[in-house]
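Trainee: I have a structure here, written as structure tokens, and I will follow up with some questions on it.
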Amino acid sequence: MSESLYALMESRIPGDRSRVLLETGDGGSYSYAQAETAAIRMARALADRGVAKGDRVAVQVDKSPEALFLYLACLRAGFVFLPMNTAYRPDEVDYLVGNAEPSVIVCRPADVAIMEGIAAKHDGPLVLTLDTDGTGTLAEAAEEAPADFPMVECAADDLAAMLYTSGTTGKPKGAMLTHGNLAANGLDLVESWRFTADDVLLHALPIFHAHGLFVACHCVLLAGASMIWLPGFDRAEVLRHLPRATAFMGVPTFYVRLLAGEDFNREACAAMRLFTAGSAPLLAETHEAFSARTGHAILERYGMTETGMLTGNPYDGERRPGSVGFPFPQVEVRVADEQDQPVVTDAIGDIQVRGPNVMKGYWRLPEKTAEDFTADGWFRTGDVGRIDERGYLFIVGRAKDLVITGGYNVYPKEVESVIDDLPGVVESAVIGVRHPDFGEGVLAVVVPAAEDAPDEAAIMAHCKEHLANYKTPKRVFFVEELPRNTMGKVQKAQLREQHADLFK
Ligand code: ATP
Ligand code: MG
């Protein structure tokens, strides 16, 4: 039997394939059967142009139903789907194309000249286009292709997708994800979050990242559910469709924006059963404001490109602000010391994980892959955290963001929490930059509220009251907003660069 993710999805969709898979914001609707036919035609069109099992299909297109069908086409045909951030500029695409060596690039029609230039530099992959309205040369080729293409046999270990990490801590790395990885994680989520064929997911995330592509779509596709497919996050559009939805997934920024107007309230969420958050830490304050306004506790979960979802707050039971909850059923999580030995309850250490969800390795980076796995087969997430006596995981930051000042470790999250508690502070980012005496010096970048914002001295005094001296920022800077990428991740590397010379 094929172990392809597509075969699994098909086996789990109850009888009637005329059920709706996708509805678009403007009233369009696509059944499971229609999506399959579209996927078969696309697979056939690509195969007829020489794309074979295991070949990478690099995709930089805006979100559309057809973009999802292209993903399904790849899964069905054994092609390796490689989505690229739509914000990537030609230099970044050039790097990924040179690195991944795709057989075909699917791009926006407006970018075709640039892509052909890039393709010409790298062994000449075929360039096809796909527009948001479903037109383009790929669509034309699919239209002309007969709707027959067999489902390609795939083993659990065959690659299904290659996603590049967000590049928060360095150059993006290609994570090789297998059919088995995606299937295991998808099933874990469906079970943990109780997805059924009756669910309607309101989908407003981008689909070039694991969150929108895997977490959201697999919950739907493995449950035979449906989704309302929005091109992106638009507050008014989300509010318009929310009354018909049962589930919503967002990055923390989505929730902050929803809470910005009183029209987001209990009534707007009447049909909803689940809100999840991830990709970046959800502020406890957002979590609490959300509960007060809607009566729903956001379920925060934690994962990464290389591993899919690792932990989540419970469906039943307490969803704790500031915690990312418990491991999903097939995932093992441990917090370890420098010798890769598990630490005791509440001690801070490296978060390491193991399970069928963990990627095969980094594409063409065997040394990096070897470095990131322990001798006993655990993957080093690069995140630092602790597990409390009830088993809840708390992330305290990334190992690369840890500040070492005068020989002491400072976990940015701890300092940020203290600063954020101060009235008049919206949020903060604590970083370390080179310091002639201490190695690194701590500084805070703070987003003040419109009214009653504390000044630098007040923030430092508050920190001194609640934190050891070495953890207290030596300087505080104020900004209107923190630099974030499209997934809401704070770009600390950028902040470190800006303030690099502060203590010199
Ligand atoms: P790169 O690996 O290229 O530096 P990245 O780690 O940001 O980039 P992703 O795989 O998109 O790339 O993000 C995974 C990371 O996001 C996790 O390692 C973790 O640091 C962070 N993250 C995800 N969910 C949460 C969460 N709920 N709370 C805190 N951090 C989270
Ligand atoms: Mg990472």
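The values are calculated or read from the model by the stated rules, or taken from the named source; none is laboratory data. Keep in mind that what you see is a predicted model, and the values were worked out from it rather than measured. A quick note on method: Cβ atoms are made from the backbone with ideal geometry, for glycine too, and the neighbour counts reach across all protein chains shown. Ligands, DNA and RNA are excluded from the accessible area calculation, which covers all protein heavy atoms including side chains. Shrake-Rupley method; radii C 1.70, N 1.55, O 1.52, S 1.80 Å.
Trainee: Accessible area of the stretch 140-210 with a 1.4 Å probe: how many percent of it is carbon plus sulfur?
Mentor: That fraction is 53 percent.
Trainee: Straight-line reach from Lys53: which lysines have a Cα under 21 Å away, not including same-chain ones fewer than 8 places off?
Mentor: Straight-line reach from Lys53, under 21 Å: Lys360.
Trainee: What is the gain in length, in nm to one decimal, between Arg484 and Leu502 on full extension, counting 0.36 nm per residue of separation less the C-alpha to C-alpha distance?
Mentor: Full extension from Arg484 to Leu502 adds 4.3 nm.
Trainee: Next question. Which values of log₁₀ I(q)/I(0), to two decimal places, follow from the Debye formula for the chain at q = 0.08, 0.11 Å⁻¹ with a uniform point scatterer at every Cα?
Mentor: With no solvent term, the Cα-only Debye profile gives -0.51, -0.97.
Trainee: If you don't mind, another one. Is the stretch 1-114 best put as rounded, prolate or oblate by its Cα gyration tensor, with a ≥ b ≥ c the root eigenvalues, rounded for a/c under 1.5, and otherwise prolate when a/b is larger than b/c, oblate when not?
Mentor: Oblate.
Trainee: To continue, here is another question. Summarise the long-distance tail of P(r) for the stretch 1-41 by giving the % of C-alpha pairs beyond 15 Å.
Mentor: Result: 48 percent of Cα pairs exceed 15 Å.
Trainee: Can you give me the long-range amide H partners of Gly382? Hydrogens built in the peptide plane at 1.01 Å from N, cutoff under 5 Å, separation of 5 or more residues or another chain.
Mentor: Residues meeting the criterion, in which the H sits 1.01 Å from N, are Ile351.
Trainee: Turning to a different aspect of this structure: Short version: what are the Cα gyration tensor semi-axes of the stretch 267-364, square root of 5 times each eigenvalue, largest first, in whole Å?
Mentor: 29, 16, 11
Trainee: Using unit Cβ charges (K, R positive; D, E negative) and no other charged atoms, how large, in debye to the nearest 20, is the dipole of the stretch 143-283 about its Cα centre?
Mentor: 680
Trainee: Same structure, new question: Which of rounded, prolate, oblate describes the stretch 127-251, given a ≥ b ≥ c as roots of the alpha-carbon gyration tensor eigenvalues and a/c under 1.5 marking rounded, otherwise prolate only if a/b is larger than b/c?
Mentor: rounded
Trainee: Using θ = phi - 60° and the Karplus relation 6.51 cos²θ - 1.76 cosθ + 1.60, list the HN-Hα couplings for the stretch 441-455 in order, rounded to whole Hz, with x at every Gly or Pro.
Mentor: Calculated HN-Hα couplings, in order: x, 7, 9, 10, 10, 10, 9, x, 6, 4, 10, 6, 6, x, 8 Hz.
Trainee: Which value does Rg/Rh take for the stretch 180-292 over its C-alpha atoms, Rh per Kirkwood?
Mentor: 0.95
Trainee: Something else: Binning at 5 angstrom from zero up to the longest distance, how are the C-alpha pair distances of the stretch 88-166 distributed in percent?
Mentor: For the stretch 88-166, the pair-distance distribution reads 3, 13, 20, 18, 20, 15, 9, 1.
Trainee: Using only alpha-carbon positions, what ratio does the radius of gyration of the stretch 383-504 give when scaled by 2.2 N^0.38 Å?
Mentor: Cα Rg divided by the expected 2.2 N^0.38 Å: 1.04.
Trainee: Moving to a separate point now. For the full complex of protein chains and a 1.4 angstrom probe, list Ser11, Ser29 by accessible area with the highest value first.
Mentor: Ser11, Ser29
Trainee: Here's a follow-up. From the helices alone, meaning DSSP H stretches of at least four residues, give me the mean residue ellipticity at 222 nm for the chain, per-run term -39500 (n - 2.57), in deg cm²/dmol to the nearest 500.
Mentor: The helix contribution divided over the chain gives -8500 deg cm²/dmol.
Trainee: Among 56-66, 148-158, what's the highest-first ranking by average C-beta atoms within 10 angstrom per residue?
Mentor: Top of the packing list down: 56-66, 148-158.
Trainee: Could you run the Karplus curve 6.51 cos²θ - 1.76 cosθ + 1.60 with θ = phi - 60° over the stretch 125-140 and give me ³J(HN,Hα) per residue in whole Hz, x for Gly and Pro?
Mentor: With coefficients 6.51, -1.76 and 1.60, one gets x, 5, 10, 10, 10, 8, 9, 5, 8, x, 9, x, 5, 5, 4, 5 Hz.
Trainee: Under 5 Å between amide H atoms, partner at least 5 residues away or on a different chain: which partners does Cys154 have, H built in plane at 1.01 Å?
Mentor: Glu3, Ser4
Trainee: In addition: Can you compute 3J(HN,Hα) from phi for each residue in the stretch 432-440, using the Karplus curve 6.51 cos²θ - 1.76 cosθ + 1.60 with θ = phi - 60°, rounded to whole Hz and x for Gly and Pro?
Mentor: Ordered by residue, 3J(HN,Hα) equals x, 10, 3, 9, x, 8, 9, x, 10 Hz.
Trainee: Another question, then. Students sometimes get this wrong: rank His462, His218 by accessible area, probe 1.4 Å, all chains present, largest first.
Mentor: His462, His218
Trainee: Quick check for you: with a 1.4 Å probe and neighbouring chains kept, what is the accessible area per residue of the stretch 50-117, in Å²?
Mentor: 30
Trainee: Excluding Glu262 itself, calculate the net charge of residues whose Cβ lies under 14 Å from the Cβ of Glu262, where each Lys or Arg counts +1 and each Asp or Glu counts -1.
Mentor: Cβ neighbours under 14 Å give a net charge of +2.
Trainee: Same structure again: Given H placed on each backbone N at 1.01 Å, which residues far from Arg475 in sequence or on other chains put an amide H within less than 5 Å of it?
Mentor: Close amide H contacts, sequence-distant or interchain: Ala444.
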